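Structure first, then comments.
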Amino acid sequence: MRPELPAVLPALAMAAALILTGCGAGPATDAEVGAVSGDNAVRVGQCYLISTPEEYGASSHTGPAVACSEPHTTQTFLVAAVPQPLSGQAERPLHEQLQNLTARLCPATELRRYLGGAERDATTGMAITGYYPTRAAWSAGSRTVRCDVLTTTADLAPRETKADLKDALARPESAPIRLCYTQEITDGVLGSEGTDTPCSEPHTTEDVSAWFGQDASLVPLAAQQERCLPFVLDFLNVDVLPADVEVRPIVRVDGGARAVRCGVAPRQSAGPERWTGTLAPVAGTVSGEVANG
Amino acid sequence: MVETTVGKSAKPDVEEFAPVPVRSGMGPRPGPLRMAGRFLARTFGPGELTLGGVRTPALVAGLVSAIAMLVRLFVPGPVGVADQGDGNGLVCSLGVSNVRPWDYADFTRFIYPSWTPHPLVGEACGAAGSGEPVYSSQLAFLWLGKLLTPLFGWGGGLDMRAVGIVCCLVFGLLIAALVAVLPGRASFRVLIAALVTVVMADGVFADFFISPYPEPAAFLGTLGLLVALLNYWNGARSRWVTILPVVGAGVFTIAAKPEMVSWLPVLALALLWLPQGSTRRSGRRAPEGSRWRRFAMPLLAIMAIAAFTVAFMAVQPKRTAELNLYNAVFAELLPHSPTPEEDLKWLGLDPGFVAASGTTVASPRSAALNPKFHEFQEEMGAGKLAGFYLTHPERLIGMGERGITAMLTPELGYIGSFMEGQGQPFAKDHRFPVVLGLLTALKAAPVALVAMQLLTLLLGLAVAFRKKAAVGRLAVVVVAAGWLQFWVVVLWSGQPEIYRQLLLSGFHAALCVPLLVALISILASGPERGQQQTASQATPGLRDPAVSA
């Protein structure tokens with residue numbers, strides 16, 4: 001039997017959940033979200049420098065906070081409380097029980113809200129983890145959960161940043177944390193599959209956080225575009241698709257299952273080319289003609 | 001029965017009817033096989049079982065074995081055992097953090113021996129999942145390795161290659177000590193030491209020298225304990241002088257990892273098996289009071305080791321005990337049970353837990369995610385598990401079979417042996433696969449492994465009681481310790497890492513090979529000659545029994 005995987009994986013899986021709107025765990029209740037313990041050391045918006053898998057995967061983190069203008073790797077986006085029945089245990093629950101709880105208490109939807117994103121905004125290079133009281137603090141009565149977002153590189157290692165992630169998706173320079181895809185371009189024809197890329201890097205399509213399984217009716221590109229159109233409009237915050245933009249879905253094959261991921265790209269009359277930036281409208285506006293970021 | 005009298009003057013009437021064996025090898029011109037046998041016996045036979053007096057061969061053997069291990073580990077490139085992520089629990093206490101890829105699938109493919117200074121605070125340092133401190137005598141090697149690391153230009157932290165060098169040097173010292181305390185001629189001692197080196201040099205054991213695991217302390221501690229016990233039983237010096245190394249080596253070995261607690265009862269029996277000199281030196285029966293007094297020091301030593309063991313087990317991470325208990329039920333007991341629901345009922349657990357059969361605590365179907373998991377935590381314990389197997393002894397048969405199969409599969413294919421760029425991902429080191437080959441061959445008939453251990457045990461008893469040689473006792477101890485280790489692992493901490501956990505049992509089994517060679521050589525060396533002698537006691541010029549046989 002293969003030995004158990006380290007605790008990092010569930011959190012990485014949650015990172016994937018960020019991409020898939022509506023596929024995350026159920027949101028925390030208002031009581032849970034609103035609960036902030038009397039522990040003054042834990043506050044939303046605090047930044048930390050976590051650089052090893054052991055620090056990231058631990059049940060608790062007791063390292064000092066750093067100024068968010070200084071290099072950091074995580075930022076607290078939510079403070080919640082452990083619900084019943086686990087909160088009633090005299091001893092802190094097992095690490096795996098806490099990890100499972102993180103998926104519920106620190107949902108991707110809450111992170112998106114903290115980032116200032118809308119339902120159609122997809123992110124990349126982020127992972128969620130939850131930090132619980134130490135065993136001693138638990139025994140003393142603390143039940144606070146610190147939900148942190150970790151900024152990562154393509155190989156999932158921590159990426160240091162000096163940026164404050166609060167409302168980051170609502171800013172013009174949001175491209176580095178937005179999810180885009182890079183497709184093969186062969187003889188002026190785009191490949192159907194794409195690899196994940198931050199929108200600040202050259203790419204071919206920007207994700208609009210909507211996907212569905214590909215059945216026989218969704219093999220033609222036109223059918224895919226038609227199905228994706230409402231999501232693209234939602235993403236662009238418009239009622240009619242602008243003339244200079246096209247719906248550009250990609251196909252993702254995962255474990256034998258084929259899924260269509262909806263995307264958008266500038267219409268390119270000279271044939272498909274890679275572009276940089278995002279088509280997402282800056283908060284309060286509709287889609288701009290040029291890519292932001 | 002016709003008695004042959006070759007070499008003696010026989011009566012003519014007997015000679016007329018006595019058949020002369022055509023290929024008896026006893027004629028005036030011995031065959032090549034017998035000549036080879038005589039040559040080997042003359043060269044490597046133990047001769048008189050004298051002690052001491054081989055300082056130079058001991059030093060040379062130690063030096064050569066250390067160099068051989070270094071070459072085996074570092075040429076053409078270093079080989080080790082990749083970390084699965086739990087190495088940090090032990091090593092981080094030295095204020096270092098591993099330089100390796102972030103993702104599990106990446107860092108298990110190769111070894112990443114470099115650990116840089118990076119003090120981890122809180123639960124990031126300690127047992128994975130709880131941060132409780134992890135203790136092991138391996139920390140001594142790690143600490144020495146940390147001292148050596150800058151000298152080799154491997155940075156200011158800790159490099160496991162330096163720990164590998166420390167382990168090789170310690171192994172050389174132990175081999176030198178082994179040659180010094182073995183009985184017989186120097187060539188015989190060197191042969192046995194060489195065979196022990198061959199066992200240790202196999203990649204399934206030696207590669208752990210360059211790893212963050214506690215296994216090197218267990219391997220080397222075991223060897224050190226065997227040397228100390230030989231020295232104790234030789235009885236050539238004052239009892240205190242020989243008991244103290246046994247206590248030291250025993251404590252070091254047991255402190256290597258919790259499973260080594262299996263050594264405690266064996267060690268107690270070994271210490272109470274008093275040296276020959278203390279029971280027969282005078283040749284007269286000792287007075288009753290004096291006889292009991294002889295047990296005072298061994299009993300004191302046993303109490304010291306037992307007290308340490310209790311203290312050591314008390315500071316083991318609670319998390320480890322929780323995981324072992326989980327795995328013993330959900331990864332071992334239930335998946336191999338014909339009636340898992342009934343077993344759960346016997347254990348006083350909800351039948352719904354059967355859904356978690358075959359899982360680890362981190363699995364998506366883990367019982368830890370069951371709302372009634374607190375019942376498991378409250379109801380289950382090591383005592384109840386022991387009670388289950390006592391009332392269901394038939395389950396031990398299948399468990400033993402699985403354990404033996406795992407022991408005969410000592411290669412950990414799910415973690416790599418080479419540094420990145422020096423081998424394929426997950427590639428294993430096959431530079432010296434002698435034990436691997438032996439154990440793999442035994443897979444065809446696993447009963448042969450048990451037979452080999454039984455043979456070692458019986459020959460050990462024969463040598464211990466007929467030849468009065470300490471090597472016989474050693475064989476008995478090695479087999480008993482191996483078996484105890486085996487059952488401790490399969491009953492308590494086997495799954496899901498049963499292959500790695502049973503390496504120590506495999507090591508004990510592999511040590512049966514050099515022991516068998518030693519035992520057979522001693523038994524074949526001639527008739528019983530009473531107890532072994534020290535060099536000063538041996539009569540110079542005695543005929544070599546190995547040759548005369």
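The values are calculated or read from the model by the stated rules, or taken from the named source; none is laboratory data. Keep in mind that what you see is a predicted model, and the values were worked out from it rather than measured. Cβ: placed from backbone, ideal geometry, glycine included. Neighbour counts: every protein chain shown.
So, in the range B:187-235, of the ones that are part of a helix (DSSP H, G or I) and of a type in the set (Asp, Glu), which residue ends up surrounded by the most Cβ atoms within 10 Å (Cβ to Cβ)?
Just the residues of the range B:187-235 that are part of a helix (DSSP H, G or I), to begin with: B:187-201, B:203-209, B:215-234.
Then drop every residue that is not of a type in the set (Asp, Glu), which leaves B:207, B:215.
Values: B:207: 29, B:215: 22.
Ranking the candidates gives B:207 first.
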For this session: Scan the range B:229-250 for residues that are touching a residue at least 60 places away in the same chain (Cβ under 8 Å) and either among the acidic types (Asp, Glu) or over 17 Å from residue B:272 (Cβ atoms) (or both) and report the count.
Result: 1
Seminar exercise, completed: Restricted to the range A:105-133 and to residues being small (Gly, Ala, Ser) and within 14 Å of another protein chain (Cβ to nearest Cβ), the residue nearest to residue A:78 (Cα to Cα) is A:130
Seminar exercise, completed: Within the range B:365-388, residues farther than 24 Å from residue A:87 by Cβ and surrounded by 19 or more Cβ atoms within 10 Å (Cβ to Cβ) come out as B:385
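State yes or no: is residue B:121 farther than 18 Å from residue B:257 by Cβ and facing another protein chain (nearest Cβ under 7 Å)?
Details: farther than 18 Å from residue B:257 by Cβ: yes; facing another protein chain (nearest Cβ under 7 Å): yes.
Judged against the criteria, residue B:121 is a match.
Report yes if residue A:290 is modelled with pLDDT of 90 or more and either closer than 26 Å to residue A:187 by Cβ or surrounded by fewer than 16 Cβ atoms within 10 Å (Cβ to Cβ) (or both), otherwise no. Steps first, answer last, please.
Details: modelled with pLDDT of 90 or more: no; either closer than 26 Å to residue A:187 by Cβ or surrounded by fewer than 16 Cβ atoms within 10 Å (Cβ to Cβ) (or both): yes.
No: the conditions fail for residue A:290.
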Problem set entry | Output for the range A:41-86, where each listed residue is assigned to a loop (DSSP other than H, G, I, E, B), within 14 Å of another protein chain (Cβ to nearest Cβ) and among the small types (Gly, Ala, Ser) | A:41, A:51, A:58, A:59, A:60, A:63, A:65
Exercise. Within the range B:363-411, restricting attention to residues that are touching a Pro at 6+ places or on another chain (Cβ under 7 Å) and of a type in the set (A, V, I, L, M, F, W, C), which residue is farthest from residue B:431 (Cα to Cα)?
Worked result: B:404
Problem set entry | Candidate set: the range B:107-118, residues that are within 11 Å of chain A (Cβ to nearest Cβ) and over 31 Å from the mean Cα position of the chain (by Cα); chosen: the one modelled with the highest pLDDT | B:116
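Residue-by-condition table, conditions (1) modelled with pLDDT of 95 or more; (2) more than 18 Å from residue B:427 (Cβ to Cβ); (3) surrounded by fewer than 23 Cβ atoms within 10 Å (Cβ to Cβ):
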| residue | (1), (2), (3) |
| --- | --- |
| B:71 | yes, yes, yes |
| B:74 | yes, no, yes |
| B:81 | yes, no, no |
| B:93 | no, yes, yes |
| B:120 | no, yes, yes |
| B:124 | no, yes, no |
| B:128 | no, yes, no |
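Among the residues of the range A:107-114, are any in a strand (DSSP E or B) and crowded, with 20+ Cβ neighbours inside 10 Å? Step through it out loud before you land on a result.
If we filter the range A:107-114 for residues that are in a strand (DSSP E or B), which is where we start, we get none.
So far as the range A:107-114 goes, no, none of its residues is in a strand (DSSP E or B) and crowded, with 20+ Cβ neighbours inside 10 Å.
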Exercise. Exactly one of (1) more than 14 Å from chain B (Cβ to nearest Cβ); (2) at positive phi is unmet by residue A:210. Its number?
Worked result: (2)
Problem set entry | Where residue B:315 falls short, out of the listed (1) crowded, with 20+ Cβ neighbours inside 10 Å; (2) in contact (Cβ under 8 Å) with a residue 60 or more places away in the chain; (3) more than 13 Å from chain A (Cβ to nearest Cβ) | (1)
Exercise. Within the range A:87-104, can one find any residue that is more than 14 Å from chain B (Cβ to nearest Cβ) and within 29 Å of residue A:169 (Cβ to Cβ)?
Worked result: no
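Checking the condition more than 14 Å from chain A (Cβ to nearest Cβ), aliphatic (A, V, I, L, M) and either over 27 Å from the mean Cα position of the chain (by Cα) or closer than 30 Å to residue A:101 by Cα (or both), which residue from B:385, B:408 passes? So that I can check it myself, show each step before the final result.
Values: B:408 fails: either over 27 Å from the mean Cα position of the chain (by Cα) or closer than 30 Å to residue A:101 by Cα (or both).
Exactly one residue qualifies, and that residue is B:385.
Do you know which residues across the range A:104-121 are hydrophobic (A, V, I, L, M, F, W, C), more than 11 Å from the chain's Cα centre (by Cα) and modelled with pLDDT of 90 or more? Don't jump to the end; show me each part of the working.
Just the residues of the range A:104-121 that are hydrophobic (A, V, I, L, M, F, W, C), to begin with: A:105-106, A:108, A:111, A:115, A:118.
Checking which are more than 11 Å from the chain's Cα centre (by Cα) leaves us with A:105-106, A:118.
Matches in the range A:104-121: A:105, A:106.
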Exercise. Across the range B:191-232, what is the total count of residues that are of a type outside the set (A, V, I, L, M) and farther than 19 Å from residue B:165 by Cα?
Worked result: 2
Seminar exercise, completed: Going through the range B:351-364 in order, the residues found to be out of contact with any Leu (no Cβ under 7 Å at 6 or more places or on another chain) and either buried (at least 22 other Cβ atoms within 10 Å of the Cβ) or more than 14 Å from every other protein chain (Cβ to nearest Cβ) (or both) are B:352, B:355, B:356, B:359, B:360
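Condition test on residue B:306, is it surrounded by fewer than 17 Cβ atoms within 10 Å (Cβ to Cβ), under 25 Å from the mean Cα position of the chain (by Cα), modelled with pLDDT of 90 or more and more than 14 Å from chain A (Cβ to nearest Cβ)?
Values: surrounded by fewer than 17 Cβ atoms within 10 Å (Cβ to Cβ): yes; under 25 Å from the mean Cα position of the chain (by Cα): yes; modelled with pLDDT of 90 or more: yes; more than 14 Å from chain A (Cβ to nearest Cβ): yes.
It is true that residue B:306 is surrounded by fewer than 17 Cβ atoms within 10 Å (Cβ to Cβ), under 25 Å from the mean Cα position of the chain (by Cα), modelled with pLDDT of 90 or more and more than 14 Å from chain A (Cβ to nearest Cβ).
Being within 27 Å of the chain's Cα centre (by Cα) and surrounded by fewer than 16 Cβ atoms within 10 Å (Cβ to Cβ): is that true of residue B:401 here? Write out each step before concluding.
Values: within 27 Å of the chain's Cα centre (by Cα): yes; surrounded by fewer than 16 Cβ atoms within 10 Å (Cβ to Cβ): yes.
When the stated conditions are applied, residue B:401 passes them.
Please determine, by comparing only the residues of the range A:63-83 that are in contact with a Phe, Trp or Tyr (Cβ under 9 Å, 6 or more places away or on another chain) and touching a residue at least 40 places away in the same chain (Cβ under 8 Å), which one is farthest from residue A:104 (Cα to Cα). Don't jump to the end; show me each part of the working.
Within the range A:63-83, the subset in contact with a Phe, Trp or Tyr (Cβ under 9 Å, 6 or more places away or on another chain) is A:63-66, A:72-78, A:82.
In the following step, the residues that additionally are touching a residue at least 40 places away in the same chain (Cβ under 8 Å) were identified as A:72-78, A:82.
Details: A:72: 25, A:73: 22, A:74: 19, A:75: 18, A:76: 16, A:77: 14, A:78: 12, A:82: 10 Å.
Filtering first and then ranking leaves A:72.
Check every one of the helices (runs of 4 or more DSSP H) wholly within the range B:369-480 and list those with 3 or more residues that are within 29 Å of residue B:334 (Cβ to Cβ). Even if it seems obvious, please write down each step before you answer.
On the way: elements: B:373-379, B:382-391, B:395-407, B:434-442, B:447-466.
Those helices (runs of 4 or more DSSP H) span B:373-379, B:382-391, B:395-407, B:447-466.
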Problem set entry | Count of the range B:67-97 residues which are within 11 Å of chain A (Cβ to nearest Cβ) and among the hydrophobic types (A, V, I, L, M, F, W, C) | 3
